[in-house]
Amino acid sequence: MRVAVLRFPGTNCEFDTQYAFEKLGHSTELVWHEEETLPREIDLVVVPGGFSYGDYLRSGSIARFSPVMKAVKTYAEEGGKVLGICNGFQILTEAGMIPGALKRNNNLHFISKHQTLCVINNDNAFLNRCEKGEVLNIPIAHADGNYYIDDEGLKALEENGQVLLRYSDNEGNPVVVNGSVTSIAGVCNKNKNVFGLMPHPERALEAILGSEDGIKMLKGFED
Amino acid sequence: MTAIVNVFLKEGVLDPQGKAAHHALDSLGFDGVKDVRIGKQIVIKLDAEDKAKAEAEVKEMCETLLANTVIEDYTIEIA
């Protein structure tokens, strides 16, 4: 695979993301936010984590107006796969490419820890190597990860199988981590080619560092 | 001309900062606090003569950037 990894002022997970995909045998390319086009013949665009534009105004609210985001929107509209991790998820919701919004965590804390997640839907290009109901251990690190969507929006997400992951205990029962509506940790768009999640699969590739559950998540895009 | 924009989380969307401030006020002994909402105020200096035109422009700013209407409401005052 060829993976384009976006980079905004304040992004700080771009090298981890490159490391992750390269470790899995793929080639990556950093793309600066001022670029108006994406590299040719790519298989995936990743909007990595960090603090684009210092999280000023709202997390992701300014990055979404970057020239490169226009290209990403067009790429996604043509069916291209896009993955937003953490700040990338915030940017994609602000851009309207994924429904809902991310608010300040309910406890107002920056939460940084390993967290278990339950796979809710796997009939998509991202989680197809995971089982429904499987529990994954993936690090989270965010202050604005409190996912909000209104009741009608939630119903639509559930009906279309767009809920990807929920924060859970070891048995897969939902737990409250940051106040997200129904403990949602990740969702996708209706066409199931734009994915967003607060947890960091790119930080879970080595058992010695706590978990390697991120591998099967990222490898999903190979199929 | 100056536009004062107030952005708040929508009614029904839990405001964690407001809730924390509410708890703090309660524990400081301020009785009778029913609800606290925390928002942000954005003051914009405009080079404009026409009030209605300015208001329309600020509304567009709010819809485009200043508020996320999925979770936030806003008010505009032109002075």
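Since every read-out is calculated from the coordinates, none of them should be taken as a lab result. From a predicted model like this one, the values you see are computed outputs, not experimental measurements. Neighbour counts run over all protein chains shown; Cβ positions are idealised from the backbone, glycine included.
Some observations on this one:
- Evaluating 6.51 cos²θ - 1.76 cosθ + 1.60 at θ = phi - 60° for every residue in the stretch A:182-198, the Karplus couplings come out as 6, 6, 5, 10, x, 9, 10, 7, 5, 7, 6, 10, 10, 10, x, 8, 7 Hz, glycine and proline recorded as x.
- Among A:G60, A:G50, A:G25, the largest mean-square fluctuation in a Gaussian network model of chain A, built with springs joining Cα atoms closer than 10 Å, belongs to A:G25.
- Each listed q (0.20, 0.22 Å⁻¹) maps to a log10 I(q)/I(0) for chain B from the Debye sum over equal C-alpha point scatterers, namely -0.85, -0.93.
- Of A:A63, A:L38, A:G172, farthest towards positive along the dipole that unit charges on Lys, Arg, Asp, Glu beta carbons give the stretch A:2-222: A:A63
- Among beta bridges from DSSP that stay inside the stretch A:2-222, the antiparallel ones total about 60%.
- Shielding value for B:64-73 is 5, the average number of Cβ atoms from other chains within 10 Å of each residue's Cβ.
- Across B:K19/B:K51; A:K113/B:K34; A:K155/A:K219; A:K192/A:K216, pairs whose alpha-carbon gap is larger than 27 Å: B:K19/B:K51; A:K113/B:K34; A:K155/A:K219
- For chain A: relative contact order, % (alpha-carbon pairs under 8 angstrom, 6 or more apart): 19 percent
- Comparing Cα centroids, the stretch A:54-84 and the stretch A:134-210 end up 19 angstrom apart.
- For A:N105, residues with placed amide H under 5 Å, excluding near neighbours: A:D144, A:G145, A:N146
- Size descriptor, Kirkwood hydrodynamic radius, that averages inverse alpha-carbon separations across the protein assembly as shown, Å: 20.2 Å
- For B:6-16, mean number of other protein chain Cβ atoms within 10 Å: 3
- Placing unit charges on the Cβ atoms of the charged side chains and taking the dipole of the stretch A:68-163 about its Cα centre, the candidate lying farthest along the positive direction among A:G80, A:N128, A:T116 is A:T116.
- Computed magnitude of the charge dipole of chain B (debye, nearest 20; Cβ of K, R +1, Cβ of D, E -1): 200 debye
- Between B:K45, B:K34, B:K53, the Gaussian network model of chain B with springs among Cα atoms under 10 angstrom shows the greatest mean-square fluctuation at B:K34.
- What the phi angles of the stretch A:94-107 give under the Karplus curve with 6.51, -1.76 and 1.60, with θ = phi - 60°, is a coupling list of 4, 6, x, 7, 9, x, x, 8, 10, 9, 4, 3, 4, 8 Hz, glycine and proline written as x.
- Choice from A:N137, A:N106, A:N121 with maximal GNM fluctuation in chain A (Cα, 10 Å cutoff): A:N106
- A:F15, A:F8, A:F110 arranged by Cβ crowding within 10 Å, fewest neighbours leading: A:F110, A:F15, A:F8
- Cβ charges +1 (Lys, Arg) and -1 (Asp, Glu), total dipole of the protein assembly as shown, debye: 260 debye
- Using θ = phi - 60° in the Karplus curve 6.51 cos²θ - 1.76 cosθ + 1.60, the 3J(HN,Hα) couplings for the stretch A:66-77 round to 5, x, 5, 5, 4, 5, 5, 4, 4, 4, 5, 5 Hz; x is entered for Gly and Pro.
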